[in-house]
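Q: Before I ask anything, let me first share the structure, which is written out below as structure tokens.
The values are calculated or read from the model by the stated rules, or taken from the named source; none is laboratory data. Since the structure is predicted, the reported quantities are computational estimates derived from the model, not experimental observations. No Cβ is skipped: glycine too gets one built from the backbone with ideal geometry, and neighbour counts run over all protein chains shown.
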Amino acid sequence: MLRSMRYGEADRIMHLYTPDRGRISAIAKGARRTRSRFGARLEPFFRLQINLHEGRSELLTVTGAQTVSAHSRLRTDARALDCAARACDAVGRLFETSEPHPAVFNLLTRKLSLLNERPASATHAATLAFRLKLMLAAGLSPQLGACASCGEGEHLVGFSPAGGGVVCVACQASSFPLSQEAYRFMITSLGQPLTEAPDASATALSQVERAISQTLEHHAQVRLMPSMPGVG
């Protein structure tokens, strides 16, 4: 579950991400009553198996729910919990339609499981690595192999959000500086699993954050929350 909100006197509206129907919204009637049949299962970051009724409304109705994973350990760590919220928010904003993206579902599932197993993995670097993989799944991955403007393969010194990737010395006029450390971080993050997300200096991560956020704003008109509190 990506997030939920109270509705009416006792109901709850949930935003869910599914492997076969993409992002959907559903209402759980009576979920907030003390003796609700749903218990405490309908909470954000739970992985659930849900039974849904599809009526005339675009809002589906929850008729049953079983917990697959509650990710209870991450709820004891404020930083991990915040990181989980930002991961779910990023998925909800980038993949807001009912088009299925099983790879995105699996990526989010892995991210939440990793935060639950290793709360210390809630780092700035790990969050940016996750976002780079989301961009790849959305077809918005930055061009990193050669200059996004002229195709030059060497002397890549800047990043152009409008161009959607790195640029060389000759084409850097409309870009911002991108250090070799930041460049290597982006390359490595896209090539390794989440469990092996690389680390980098605060300066390099700030450049990566800027590259991600400005590329998404320019090419997808999507503005994400800062990847970590106090960033951005």
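Q: When the stretch 5-28 is examined, which residues are found to be of a type outside the set (Gly, Ala, Ser) and either part of a loop (DSSP other than H, G, I, E, B) or under 20 Å from Lys111 (Cβ atoms) (or both)?
A: Glu9, Met14, His15, Leu16, Tyr17, Thr18, Pro19, Asp20, Arg21, Arg23, Ile24
Q: From the list Ala148, Ala162, pick out the single residue that is crowded, with 21+ Cβ neighbours inside 10 Å, in a loop (DSSP other than H, G, I, E, B) and out of contact with any Asp or Glu (no Cβ under 9 Å at 6 or more places or on another chain).
A: After applying the criteria, what remains is Ala148.
Q: I want to confirm something. Restricting to the stretch 52-78 and keeping residues that are without any contact (Cβ under 8 Å) to a residue 40 or more places away in the chain and under 25 Å from Arg110 (Cβ atoms), which single residue is surrounded by the fewest Cβ atoms within 10 Å (Cβ to Cβ)?
A: Ranking the candidates gives Gln66 first.
Q: Please state which one of Glu154, Glu217 is of a type in the set (Asp, Glu) and in a helix (DSSP H, G or I).
A: Of the residues listed, the single one that is of a type in the set (Asp, Glu) and in a helix (DSSP H, G or I) is Glu217.
Q: Only one of these is assigned to a helix (DSSP H, G or I), crowded, with 19+ Cβ neighbours inside 10 Å and either of a type in the set (A, V, I, L, M, F, W, C) or on the phi > 0 side of the Ramachandran plot (or both): Ala90, Ala85, Ala31. Name it.
A: Step by step, each of Ala90, Ala85, Ala31 is checked, and only Ala90 is assigned to a helix (DSSP H, G or I), crowded, with 19+ Cβ neighbours inside 10 Å and either of a type in the set (A, V, I, L, M, F, W, C) or on the phi > 0 side of the Ramachandran plot (or both).
Q: For the stretch 93-114, which positions are more than 13 Å from the chain's Cα centre (by Cα) and outside any loop (DSSP other than H, G, I, E, B)?
A: Of everything in the stretch 93-114, those that are more than 13 Å from the chain's Cα centre (by Cα) and outside any loop (DSSP other than H, G, I, E, B) turn out to be Pro102, Ser113, Leu114.
Q: Which residue is nearest to His71 (Cα to Cα), if the candidates are limited to the stretch 119-137 and must be in a helix (DSSP H, G or I) and among the polar types (S, T, N, Q)?
A: Result: Ser121.
Q: Okay, moving on. Please enumerate the residues belonging to the stretch 201-232 that are crowded, with 16+ Cβ neighbours inside 10 Å, within 22 Å of Ala84 (Cβ to Cβ) and touching a residue at least 60 places away in the same chain (Cβ under 8 Å).
A: Passing the criteria: Leu205, Val208, Glu209, Ile212, Leu216, Val222, Leu224, Ser227, Met228.
For (1) closer than 15 Å to Arg93 by Cα; (2) touching a His at 6+ places or on another chain (Cβ under 6 Å); (3) modelled with pLDDT of 90 or more, each residue gets a yes or a no:
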site	(1), (2), (3)
Glu9	no, no, no
Arg12	no, no, yes
Leu16	yes, no, yes
Pro19	no, no, yes
Arg23	yes, no, yes
Lys29	no, no, yes
Arg33	no, no, no
Arg37	no, no, no
Leu42	no, no, no
